[in-house]
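**Student:** Here it is, the structure, as structure tokens.
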Amino acid sequence: MTEKVKISEVKLNPSNPRIIKDDKFNKLVQSIKDFPQMLHIRPIVVDADMVVLGGNMRLKACKEAGLKEVFVIKASYLTEDQKKEFIIKDNIGYGEWDWEQLKEWDGEVLEAWGLDVPEFGEIEDIDYSKKNKELDLNDFENQKYTIKLEFTEDDYNLVKDKLQELGQTPEKILYDALVSL
């Protein structure tokens, strides 16, 4: 059951392994200021001692935003092992964004809400003719080439995770892609 409590009663969890830094934290604070009703819909989860199990960063942001009260759900029935499991599982982002769907949204609004929006360019408007050249795959046997790709940190982690799911290295996937051309 959700209840409203004084923010001073809720304790940050020093064992929570998830953090939000700098700009993202500031976006979270602003998000709370702009839409405090969301905190009622998605309350902070605490144990019997009012220590945060889910929402550590939201609690910090609520304090930064100057709130005096927050909504909580008490999960006092969890074992110590279940509390640890909850802390991790509550912070795992299982889903991915459907960027095709999100292209229809206002990117500035999405960024203001805290989403890291990649640059969406018109692919057909980009001229790659001077950037690409045909490669002779036999050249790979005797020479080494460097391909530089630039990603945001979130995109890099997404690509890295996908490659790990496939059980391959970036070099192997790129080589396989070139061989199949």
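No value in this document is a laboratory result; all are computed from the given coordinates. In this text, all values refer to a predicted model and were calculated from it rather than measured experimentally. Virtual Cβ from ideal backbone geometry, glycine too; neighbours counted across all protein chains shown.
**Student:** What is segment 2-91 by shape, rounded, prolate or oblate, if you read a ≥ b ≥ c off the alpha carbon gyration tensor as root eigenvalues and call it rounded for a/c under 1.5, prolate for a/b larger than b/c, and oblate otherwise? Write out the running numbers ahead of the final one.
**Tutor:** Numbers: a/c = 1.99, a/b = 1.36, b/c = 1.47.
Oblate, because a/c is 1.5 or more while a/b does not exceed b/c.
**Student:** Moving on to the next point. As a footprinting exposure proxy, order 79, 152 by other Cβ within 10 Å, with the fewest listed first.
**Tutor:** Lowest count first: 79, 152.
**Student:** Still on this structure: How many nm separate the modelled label positions at residue 3 and residue 18, each set 7 Å beyond the Cα in the direction of the Cβ?
**Tutor:** Reported label-point gap for residue 3 and residue 18 is 2.4 nm.
**Student:** Quick one: 71, 35, fewest Cβ neighbours within 10 Å first, how do they rank?
**Tutor:** 35, 71
**Student:** A follow-up question, please. Please order 162, 60 by the number of other Cβ within 10 Å, starting at the fewest.
**Tutor:** 162, 60
**Student:** Return the percentage of antiparallel bridges among DSSP beta bridges fully within segment 2-91, rounded to the nearest 5 %.
**Tutor:** Expressed as a percentage, antiparallel bridges in segment 2-91 total about 65.
**Student:** So what is the relative contact order for segment 2-91, in percent, with contacts set as C-alpha pairs under 8 Å and at least six apart?
**Tutor:** About 41 percent, as a whole number.
**Student:** So which of 24/172; 4/160; 6/160; 6/83; 4/103 end up more than 31 Å apart, counting from Cα to Cα?
**Tutor:** Cα-Cα > 31 Å for 24/172; 4/160; 6/160; 4/103; rest within.
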